[in-house]
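Take a look at the structure below.
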Amino acid sequence: MRYRIELVPEAGKSLAGLHPKQRQQIARKIDALAESPRPANCKKLIGSDPPLYRIVSGDYRILYSVRDEDSAVLVVRVGGRKSLYRRLPG
């Protein structure tokens, strides 16, 4: 089953502001979530509701949630480790 990828506006802006090479690398990681929304290298974040997952792409992190009921992956944040975890939803 293939999942639909959605980006919240903040994640889209963060992604658009990156260097093209980094943006392309991160976009490939995000696209891969459509086939496997919980890959072996993902980490589930503790204390988030709905559950958030994290994958790493170089020096950047991608935070997302998985909605199995409508087969969607919602990318919540894209950014560096220091600033990414501030003011998380949930």
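Binning all Cα-Cα separations of the chain at 5 Å, short to long from zero, yields these whole-percent fractions: 3, 14, 28, 28, 19, 7, 1. Considering only Lys13, Lys44, Lys21, the Gaussian network model of the chain with Cα springs below 10 Å gives its largest mean-square fluctuation to Lys21. Legend: translational diffusion of the stretch 1-50 by Stokes-Einstein, Rh = Kirkwood radius over C-alpha pairs, 37 °C, 0.692 mPa s; D = 264 µm²/s.
Among Gly12, Gly79, Gly58, the largest mean-square fluctuation in a Gaussian network model of the chain, built with springs joining Cα atoms closer than 10 Å, belongs to Gly58.
Annotation: the residues Arg54, Arg81, Arg67, Arg2, sorted from fewest to most other C-beta atoms within 10 Å of their own C-beta, follow the order Arg2, Arg81, Arg67, Arg54.
Every number in this text was worked out from the coordinates using simple rules, so none of it is lab data. Computed from a predicted model, the values in this text were never measured in an experiment. Virtual Cβ from ideal backbone geometry, glycine too; neighbours counted across all protein chains shown.
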